[in-house]
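Structure record follows, encoded as structure tokens.
The values are calculated or read from the model by the stated rules, or taken from the named source; none is laboratory data. Keep in mind that what you see is a predicted model, and the values were worked out from it rather than measured. Every residue, glycine as well, gets a Cβ built from its backbone with ideal geometry; the counts of neighbours run over all protein chains shown. Areas reflect the complete protein model, heavy atoms only, side chains present, ligands, DNA and RNA absent. Shrake-Rupley method; radii C 1.70, N 1.55, O 1.52, S 1.80 Å.
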Amino acid sequence: MEFSYQAPETKIESIETYKNWDLAKLITFIGTEYHQKIEADINDLIPHIDKVVRVHGESHPHLPAVRNLFLQLVAEFKVHTQKEAMVFDLIDDIKTNVDILEFEISSLAGNHIAFESVLENISELTHTFTAPAGSCKTYNLVYDSLRSFNEKLTNYKELETKVLFDKIKA
């Protein structure tokens, strides 16, 4: 099983490119390039995390905590994307009320902070996603996948924070 996500070659320097996109194009891009792909990656990764915890969890006691944190992140991400979908659907109505708009954007940005906190905890527990020497193939796959997941979610947060939220407010 190969993890579907590959970190894009585009880094934060290219954020300027997205600033030139109209809001509808940006929302579509975020939905297909991030929401859908992250959801697919989650579905691919969970069985492997479960297997590594089942096989190695007793001798590597940090693994159940990594699994629990990842599942917490998954739950928060699902709520976040559902809320975003609602905000995107109602964007024209929300834009007419500055207070509601600020509240919704603040709420979504708060989710990003929560994601970052959970990912930092996972990174710390996994020694920056470095599997122990001599780890089995699945153990290495899980750590590599978690590292890629972290990169993808970081890119996603930056795109929303540095471009999307400003476009919505405009």
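Express the carbon and sulfur contribution to the solvent-accessible surface of the chain as a percent, rounded to the nearest whole number, probe 1.4 angstrom.
With neighbouring chains kept in place, the figure for the chain is 53 percent.
Compute the helix-to-body angle for 98-125: its Cα long axis versus the longest principal axis of the chain, expressed 0 to 90° and rounded to tens.
Value to nearest ten degrees: 10.
Quick check for you: with a 1.4 Å probe and neighbouring chains kept, what is the accessible area per residue of the stretch 25-100, in Å²?
54 Å²
Place +1 on the Cβ of every Lys and Arg and -1 on the Cβ of every Asp and Glu in the stretch 35-163, take the dipole about the Cα centre, and give the residue among 132, 36, 110 whose Cα lies farthest towards its positive end.
Result: 132.
Taking the Cα centre of the chain as origin and charging only Cβ (+1 Lys, Arg; -1 Asp, Glu), how large is the dipole, in debye to the nearest 20?
In debye, rounded to 20, the chain gives about 380.
Just the projected area, averaged over all directions, of the convex hull on the alpha carbon atoms of the stretch 94-169: how many nm²?
If I average the Cα hull's projected area over directions, I get 5.5 nm².
Relative to the longest principal axis of the C-alpha atoms of the chain, give the angle of the C-alpha long axis of helix 137-159, reported between 0 and 90° and rounded to the nearest 10°.
That works out to roughly 20 degrees.
What does the C-alpha gyration tensor say about the overall shape of the stretch 42-170? Classify as rounded when a/c is under 1.5, otherwise prolate if a/b is larger than b/c, or oblate.
In terms of gyration-tensor shape, prolate.
Measuring from centroid to centroid over Cα atoms, what is the spacing of the stretch 24-70 and the stretch 108-125 in Å?
Between the Cα centre of the stretch 24-70 and that of the stretch 108-125, the gap is 14 Å.
Any lysines with Cα under 24 Å of the residue 152 Cα? List them, leaving off those in the same chain fewer than 8 positions away.
The reachable lysines, counting only those whose Cα sits under 24 Å from residue 152, are 11, 19, 25, 37, 51, 78, 83, 137, 162, 167.
Only helical DSSP H runs with n ≥ 4 go in: add -39500 (n - 2.57) per run for the chain, normalise by residue count and round the 222 nm mean residue ellipticity to 500 deg cm²/dmol.
-23500 deg cm²/dmol
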